[in-house]
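All remarks here apply to the structure that follows.
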2 protein chains.
Amino acid sequence: MTHLSGLPRQVVIREVGLRDGLQILPRTVPTAAKLEWIRDAYDAGQREMELGSFVPAHLLPQLADTDKLLAYAKTLPGLKASVLVPNLKGAERAMECEADSMLLPLSASHAHSLANLRKTPDQVIEIIARIRDARDAQGSHTRIEVGISTAFGCTLQGRVEPAEVVRLVKAAIDAGAEAIGLADTVGYADPTMVRSLFEAVLPIAGDKLNCGHFHDTRGLGMANVYAALQAGISRFDACLAGIGGCPHAPGASGNVATEDLAYMLASMNIETGQDFNALLALRRKIARWLDGEPLHGALARAGLPKTMLQERAE
Amino acid sequence: MTHLSGLPRQVVIREVGLRDGLQILPRTVPTAAKLEWIRDAYDAGQREMELGSFVPAHLLPQLADTDKLLAYAKTLPGLKASVLVPNLKGAERAMECEADSMLLPLSASHAHSLANLRKTPDQVIEIIARIRDARDAQGSHTRIEVGISTAFGCTLQGRVEPAEVVRLVKAAIDAGAEAIGLADTVGYADPTMVRSLFEAVLPIAGDKLNCGHFHDTRGLGMANVYAALQAGISRFDACLAGIGGCPHAPGASGNVATEDLAYMLASMNIETGQDFNALLALRRKIARWLDGEPLHGALARAGLPKTMLQERAE
């Protein structure tokens, strides 16, 4: 369903703060706080959340309680929980925990792929195929989602060729990916690049291309979302308070802020099901749990415009 | 000239920091610093600047040296200097100083117009006509530019009807406006509103509609610029370091940051003539001159992406 403007009428915002937001922080948020986060986010209307990552706990102690979060998420009706998995072992755990979706990061940058997973992109494709085989052999319902990271450039390698992104998307789908997202992991994208790359991938991926993941590192997060909306994308990752900054850019903002994205979409008459007051109340809790960490996002400072408050009063 | 993307190939960024940026600050930047600002901005490639406002000095002591700045600007070849004028008396001064352009703010919000100028929008239209008559009688070359403020909503009145904006643009042109800009004075616009309002005004104003003025109060400044670019607009106001916040929203960001806008456009292969290193060096000076004031903008924190540095090295 689209508006007269050609934009989607409804958009899903997947909250990824519990994974992408927390993984680079030097602290561990207690499990009890994370459970409260999930409940409050659910109460605020969020129906998709990335809860953590199944990597060895010594690598990411911040995310070591991912199984507990998944177990809780499964008690909340209609909540789709995804987890990041870097390999078959992680995928096995995701399937054991009956995650709705397991997200495999596939770096379009060769250099980033080697640095992050010690594997080439094509070796990651082979892993996807093995995960698909294991999943199908078990009759698991966990969906295989592939996030093409560094799709718009990379801090190590610099330029990433769109043709390489297209090639990898095709290979990932052939290997078993049921959903594809394009991620601007390091905040290099601009709206022209976004529109162009999504439109290049759409003929190959079709409806499987269903997620945009934008970091606001250089202030273009919302413009990039708008460009992806124009390409027909209707699902976006975001972090409350814009956490998830890049370790290579101290103080730089992270993912697009959930509350700002929800505000922009609401202003554009695109439904997201999010309750602003509840989001901002959860944000205040997150500010306590992450005391001292830089938070981002404009709505929390500026508040809703009077025009939107008028609409609600009517 | 447009790209294949349909976007303009070249964009003018008018630096408005010396007017919109400084006018709400509780301090006065010394004239010598402002002259250095103008020179450095010029050296960074800026060719349009709004330098101040011809209002009574007791109302805006921060801008009381506007005549001196104009005199200096006229020594810099190719620099187009504009000044804000609220009335005929201000326009007389702008013409005496041979400003290239005088900008009349015309609030689309009736409430804002009364609060800001103690006149209704239609009374301001009458002033524009008197200014045009005076200008033509003198044979002055100072261009009459009208900025429709609160075009996307108002903190006092809330909603502003697009039909009222269209009516006022038509009346302003009939009264003598040679250039029209649409301003999101309080940061209420979203990309759909921007695209829609610019497209509604274009049939009436044609090429005269040549400026977008967006505040980043709620984080949508760049997305709104992108929407206006898609409507064919190729001239934007901006403030270095994103100064110019709203007095009603403490801590909220101001105008779109010049350096971020220049970065987005450069990344999109749209020419602006701006030199990033020079802009960022001037930003550091501004940070000293405005010591303690909140600055905004993402590029200064995150730096240029490696992809753009690669291009420059080639």
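Measuring from the axis that maps chain B onto chain A, the chain B residue with the nearest beta carbon and its rounded distance in angstrom come out as B:Ala223, 2. Remark: label point of A:Glu36 defined 7 Å out from Cα along the Cα-Cβ vector; separations to the same position in other copies 4.9 nm, ascending. Near A:Asp216, the amide H atoms lying under 5 Å from its own belong to A:Gly254, A:Asn255, A:Val256; only residues 5 or more places off or on other chains count, and H is placed 1.01 Å from N. Put simply, the convex hull of the Cα atoms in the stretch B:12-313 casts, on average, a shadow of 14.3 nm². Between the amide H of A:Gly147 and those of A:Leu104, A:Leu106, A:Gly181, distances stay under 5 Å, these residues lying 5 or more places away or on another chain, with hydrogens modeled in the peptide plane. Its Cα centre serving as origin, chain B has a Cβ charge dipole (Lys and Arg +1, Asp and Glu -1) of approximately 340 debye. Distant-in-sequence amide contacts of B:Gly153, defined by a placed amide H-H separation under 5 Å and a gap of 5 or more residues or a different chain, comprise B:Val160. For the stretch B:43-172, the spread of Cα coordinates along the three principal axes comes to 43, 34, 30 Å, biggest extent given first.
For the stretch A:148-164, backbone phi angles converted through the Karplus equation (6.51, -1.76, 1.60; θ = phi - 60°) give residue-by-residue couplings of 7, 7, 6, 5, 10, x, 8, 5, 7, 8, x, 5, 10, 6, x, 4, 6 Hz, Gly and Pro being listed as x. From its DSSP helices (H runs of at least four residues, each -39,500 (n - 2.57)), the protein assembly as shown gives a residue-normalised ellipticity at 222 nm of -12500 deg cm²/dmol.
Of all lysines in the structure, the ones whose alpha carbon falls short of 21 Å from that of B:Lys285, not counting any fewer than 8 places away in one chain, are B:Lys34, B:Lys68. Across the stretch B:256-290, the residues whose backbone nitrogen lies under 18 Å from the label position 7 Å along the beta-carbon direction of B:Ala32 are B:285-290.
When DSSP beta bridges are restricted to pairs lying wholly in chain A, around 10% turn out antiparallel. Across the stretch B:71-80, coupling constants 3J(HN,Hα) worked out from phi with the 6.51/-1.76/1.60 Karplus curve, θ = phi - 60°, read 4, 5, 4, 5, 7, 9, x, x, 7, 9 Hz, and Gly and Pro carry x. Bridge orientation summary for the protein assembly as shown: considering DSSP beta bridges with both residues in this region, about 10 percent are antiparallel. The distance from the alpha carbon centre of the stretch A:133-203 to that of the stretch A:1-49 is 20 Å, rounded to a whole number. Between the residues A:Leu76, A:Ser101, A:Gly17, the greatest Cα displacement towards the positive end of the dipole of the stretch A:12-313, with unit charges on the Cβ of Lys, Arg, Asp and Glu, is found for A:Gly17.
Starting from the Cα of A:Asp174, move 7 Å in the Cα-to-Cβ direction to define the label point; list residues of the stretch A:109-127 whose amide nitrogen is under 20 Å from there. Flagged as within label range: A:109-110, A:120-127.
Between the listed residues B:Gly153, B:Ala228, B:Ala241, the Cα displaced farthest toward the positive end of the dipole of the stretch B:12-313, a dipole computed from Cβ unit charges relative to the Cα centre, is found at B:Ala241.
Label-to-label distance for A:Ser196 and A:Glu98 is 4.6 nm, based on points extended 7 Å past Cα in the beta-carbon direction. Over the protein assembly as shown, the fraction of Cα-Cα pairs per 20 Å bin, rounded to whole percents and listed from the shortest bin up, is 20, 51, 24, 5, 0. For the stretch A:205-212, 3J(HN,Hα) computed residue by residue from phi via the Karplus equation (6.51, -1.76, 1.60; θ = phi - 60°) reads 9, x, 5, 5, 6, 9, 8, x Hz, glycine and proline entered as x. With the simple spin-label model, which puts each label point 7 Å out from Cα in the Cβ direction, the A:His141 to B:Asp275 separation comes to 6.3 nm.
In a reduced charge model with +1 at each Lys and Arg Cβ and -1 at each Asp and Glu Cβ, the stretch A:96-200 shows a dipole moment near 280 debye about its Cα centre. About the centre of its Cα atoms, the protein assembly as shown shows a dipole size close to 640 debye [charges on the beta carbon of Lys, Arg (+1) and Asp, Glu (-1) only; nearest 20 debye].
Quick note: the coordinates plus some simple rules give every number you see, no bench work behind them. Computed from a predicted structure; not experimentally measured. Methodologically, a virtual Cβ is constructed for each residue, glycine included, from the backbone with ideal geometry; neighbour enumeration extends over all protein chains shown.
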